[in-house]
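Remarks on the structure that follows.
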Amino acid sequence: MGDEKAYASIYEEYAQLMFSFGMRFTTNRELVKDCIHDVFVKIYSNRSNLNTTTNIKFYLFVALKNELINVFRKNISFCSIDSTESLLTVDYITEDNLIDKEEAQERNQKVIEILKILSPRQKEVLYYRYIEELSFEEIEQLMHINYQSIQNLIQRSIKKVRDTFPDFVTISLLPFLLKV
Amino acid sequence: MVYIINSEDPELRIKYQMEKYSYSNYKAEELVNDQFFLESMKNPSRESELYWQELVTKGIVSKVEFDLAKSFVTSLKVKSSKMSQDELTELWVNIEITNKKQLKRKLKRLFTISSAACIALFITLSVSYYWVENHPEQSIASIASALKPLKNPTDVQLILGNNKNIAITDKDANIEYGDKGDIKVNTQTVSSNNNQTADESATVNDEYNQLIVPMGKRSTLTFSDGTKLWVNAGTRIVYPVEFKKEKREIYVDGEIFLNVEPDKNRPFIVKTKKMDIRVLGTSFNVTAYEDDAVHSIVLVTGAVNVKTDTKKEVNMVPNNRVTFSGKELDVKMVDAALYTSWIDGLYLYNSEKLGTILDRLSRYYGKEIVYDSNVASLKCSGKLDLKDNIIDVLNGLCQTAPIDFKHKGERIEFCLTNKPILPM
């Protein structure tokens, strides 16, 4: 019965994060909620067989993503998937607590432009790595690609940024210099 | 995130970083893939800031590369969609409802395997007066179904409201509730929960206790009002931690014998899946296995009015046996003693189908017994001593009927034989 409390606290801690994550694959709120529902029901009915997992967040993300993909497969009208492309969309916004507002504005603009040139797949990796802060092994499992591919995706993103915006650094990094 | 080494000593940590990774001439590409770099940017500390600053001033890492990597890592932010508090709560409620439904389904499956259709509900009454009531307000039945456990336990389980679970490994469990809320199991005090009401996190479920007696076990239960229950194998009882002022109400899935302490102001109500039974003070026997198809009531003495969930009604006299299969009520005269003998460890039967007898023994001893329809339709009369072990009891049966059995793993299989039958 002590499981019940742990179960409820997992919901409290992660349901909101799961929702944000799920909403990156679709705009259908109800669908995401349904899938979160199914993930938690499955956890409950399999609770005796569950392995101890070190990263609950990652476990829940994988479960939710699988749940969503199953729905997408069954009902293609939910979204337009190009199976070779990433399902994930990331709209990057920049920090608002920067010291210099004008600089921040400029930098914002740059970042948005840079992100436009990245492929969805690259964006997905960046999202997992730098926002959700998942490990490489976890990203490998989530995206079904190997370590090297992840590294490549990240490195190519940076290279793209460097090639497309040679002046990016000097423009955008004043705030950091001021900070340090 | 896992730190590479213990951050208790920042100086040591940074020294370690310096030695392990020179970061010499690192490009932005390499920096963004470095765990320590990522952590320093996401959760900077005074030390890590100084460390990276030093690398840049010393020219070990180029300022351009460092700044590119830093802005890359730190400027990424995502707009998040959020659920409202209402959405969060609603979703959680739906999850809980589905979970409870699934628990129910699972348990049903378990029961269908272990119990074929057999005797179901019989109630024997020795004194006074009772009547049946039809589904009132938020019933104990719905609470009982919500509290159904996932698995059939192998030991007697006493589940207390405050999420406390007591497993009783002894062969016979005698449980006693004192009038101060203390609980004794086989005369040992196991809980004194007088702080029950003070517990702020108490929910509806915390107001109910549950006793589960698995197949092959038996138990007795004495409530604080002095009412005593004999609980037969494969039975679940749900009851409030404290009886209400106006009534004493329990839920039964299985078979019990009750000796109810009289209390004119507080009728004692036994609820089962198909019927509600109300008493003021009497001794009677209830058998109501939820998953059995046919339910029956046997009255020993007194008078009884039975109402079913289909609004059928009948007045019973002593030694009446009422059977109810969900449609029609059928009344017959029987020997009531046949149906209450289990309390004394005896099983009496008169021209009973062998299938019914074997099902009862299966439940009583907690052993799976299989047989075909030829065996099931044989009729037997006699007496079995349930204190004997199951093999002795089954051997006794084999001497009186043209049948034999063998062990198949955990199961016992019965078949017809051509051997001569001894008179009983």
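Rule-based calculations on the coordinates, nothing more; no lab input. Note that the coordinates shown come from a computational prediction; the quantities given were computed from them, not determined experimentally. Reconstructed Cβ throughout: ideal geometry from the backbone, glycine too, with neighbour counts over all protein chains shown.
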What nm distance separates the two modelled labels at B:N265 and B:K327, each placed 7 Å from Cα along Cα→Cβ? 4.8
Calculated FRET efficiency for the pair A:K160/B:S139, C-beta based, R₀ 51 Å, to 0.05: 0.20
Please list the non-local residues whose amide H lies under 5 Å from the amide H of B:V190, H modeled 1.01 Å from N, same-chain partners needing a gap of 5 or more. B:I183, B:K184, B:V185
Order by protection proxy (mean Cβ within 10 Å, highest first), peptides B:176-182, B:235-241, B:394-400: B:235-241, B:394-400, B:176-182
Which cross-chain or sequence-distant (5 or more) residues have an amide H under 5 Å from the amide H of B:I403, H modelled 1.01 Å from N in plane? B:T417
If we count other beta carbons within 10 Å of each Cβ, what is the order of B:D309, B:D359, fewest first? B:D309, B:D359
Quick one: go through the stretch A:1-33 and flag any residue whose amide nitrogen is under 15 Å from the point 7 Å out along the Cα-to-Cβ line of A:I56. A:2-19
For the pair B:N25 and B:L346, how long in nm is the line joining their label points, each one 7 Å along Cα→Cβ? 10.0
Which of B:E249, B:E410 comes first, and how do the rest follow, when ranked by fewest Cβ neighbours within 10 Å? B:E410, B:E249
Added length on full extension, which subtracts the Cα-Cα distance from 0.36 nm per residue, B:K406 to B:Q85: 109.4 nm
In the neighbourhood of A:E138 defined by beta carbon distances under 14 Å, the net charge of the other residues (Lys, Arg +1; Asp, Glu -1) is -2
For A:N146 and B:K108, extending 7 Å from Cα along the Cα-Cβ vector and measuring point to point gives, in nm, a value of 5.0
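Go ahead and run the numbers for FRET between B:T57 and A:S48, Cβ-Cβ distance against an R0 of 56 Å, rounding to 0.05.
0.45
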Could you work out the mean count of beta carbons from other protein chains within 10 Å of each residue's beta carbon in B:91-104? 5
Difference of contour (0.36 nm per residue) and Cα-Cα distance, B:D385 to B:V64: 106.4 nm
Assuming 0.36 nm per residue, please report the length gained on full extension of the stretch B:K42 to B:E313 beyond their Cα-Cα distance. 90.2 nm
